[in-house]
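Please read the structure below before turning to the comments.
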Amino acid sequence: EMPENEVAVTRGSADALALRIRHHDDRVHKREVPTGDAARGIFEAVEQARVEALGAKRMSGCALNLSAALNERARERGYARIRKREDAPLAEVLSLLAREAMTGQVPPPQARSMVDLWRPFLDERVRSDLIQLAKVMDIQSDYARVVRKLLTDLEVDLGAEQRRHRGDQER
């Protein structure tokens with residue numbers, strides 16, 4: 001007896017959880033996640049975008065449900081009212097841009113203006129990283145490395161683990 005949109009939002013939330021269980025490897029995640037607070041938040045959000053994109057690309061019903069849930073979350077958080085870039089949470093913006101790169105789906109209506117505030121700034125810095133995410137989304141460890149590069153390109157502090165990963169890249 002729930003309205004159709006509420007059903008889609010509920011299903012989208014459940015789909016997001018199920019996709020995380022299906023497509024996310026905690027061991028890989030723990031090995032790759034940065035220790036810096038901002039970097040970790042972005043890394044987590046963009047990883048969730050990956051698992052949801054995998055489901056959305058394979059199941060059109062799932063894609064619709066996930067979009068409904070994203071739009072509802074954006075509505076609840078007031079993203080449509082954001083008018084200044086510094087008020088928009090960068091982790092959410094990058095998550096939505098990664099989703100767009102991987103699925104071709106534009107950000108949901110309630111978050112579109114927020115993303116558009118950041119788009120020009122981010123396009124010139126990480127456009128190639130976002131394109132690369134779409135190419136490696138099936139392999140979590142490769143995806144994580146591209147996310148770390150994206151963070152570095154944005155000059156986000158990766159934390160203490162940054163030195164270890166830099167050493168790995170130089171070998």
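Taking Cβ atoms as reference points and 12 Å as the exclusive limit, the residues near Leu133 contribute a net charge of +2, counting Lys and Arg as +1 and Asp and Glu as -1.
Please compute the contact order of the chain in relative form: average sequence separation of alpha-carbon pairs under 8 Å and at least six residues apart, divided by the residue count, as a percent. Kindly include the intermediate steps, with their values, before the conclusion.
Working: 214 pairs, mean separation 49.0, N = 171.
RCO, the chain: 29 percent.
The HN-Hα couplings worked out from phi for segment 87-95 by the Karplus form 6.51 cos²θ - 1.76 cosθ + 1.60 (θ = phi - 60°) are 8, 8, x, 4, 4, 5, 4, 5, 4 Hz, whole numbers, x standing for Gly and Pro. Indicate the gyration tensor shape class of segment 1-98 (rounded, prolate or oblate), computed on the Cα atoms with a ≥ b ≥ c the square roots of the eigenvalues: a/c under 1.5 is rounded; otherwise a/b larger than b/c is prolate and the rest oblate. Oblate, since a/c reaches 1.5 and b/c is not below a/b. Take every pair of alpha-carbon atoms less than 8 Å apart whose residues are at least six positions apart; their mean separation over the length of segment 1-66 yields a relative contact order of 50 percent. Hey, quick one: spin label on Asp37, modelled 7 Å out along Cα-Cβ, who in segment 68-94 has an amide N within reach, i.e. under 12 Å? Inside the label zone: nothing. If I compute Cα extents along the principal axes in Å from the structure I just sent, which labelled value in [x] 66, 44, 34; [y] 58, 37, 24; [z] 96, 38, 28 lines up? Recomputing Cα extents along the principal axes in Å here gives the entry labelled [y]. To put it simply, the accessible area of the chain at a 1.4 Å probe is 49 percent carbon and sulfur. Applied to segment 148-156, the Karplus parametrisation 6.51 cos²θ - 1.76 cosθ + 1.60 on θ = phi - 60° returns per-residue 3J(HN,Hα) values of 4, 5, 4, 4, 5, 4, 8, 6, 8 Hz, with x for Gly and Pro. Most tightly packed first, judged by the mean number of other beta-carbon atoms within 10 Å of their residues, the peptides 145-158, 15-28 read 145-158, 15-28. Solvent exposure of segment 37-132, expressed per residue, is 47 Å² of accessible area, with all protein chains present and a 1.4 angstrom probe. Coupling constants for segment 102-113 follow from the phi torsions by the Karplus curve (6.51 cos²θ - 1.76 cosθ + 1.60, θ = phi - 60°), and in residue order they are 7, 10, x, 8, 5, x, x, x, 5, 10, 4, 5 Hz; glycine and proline get x. Annotation for Glu124 and Asp87: the two label points, set 7 Å from Cα along the Cα-Cβ direction, are 2.4 nm apart. For the pair Leu17 and Asp138, a Förster radius of 22 Å applied to the C-beta separation gives a FRET efficiency near 0.65, rounded to the nearest 0.05.
The values are calculated or read from the model by the stated rules, or taken from the named source; none is laboratory data. Since the structure is predicted, the reported quantities are computational estimates derived from the model, not experimental observations. Note: ideal-geometry Cβ built from the backbone for every residue, glycine included; neighbour counts use all protein chains shown. Note: accessible area is taken over every heavy atom of the protein model, side chains too, but ligands, DNA and RNA are not part of it. Shrake-Rupley method; radii C 1.70, N 1.55, O 1.52, S 1.80 Å.
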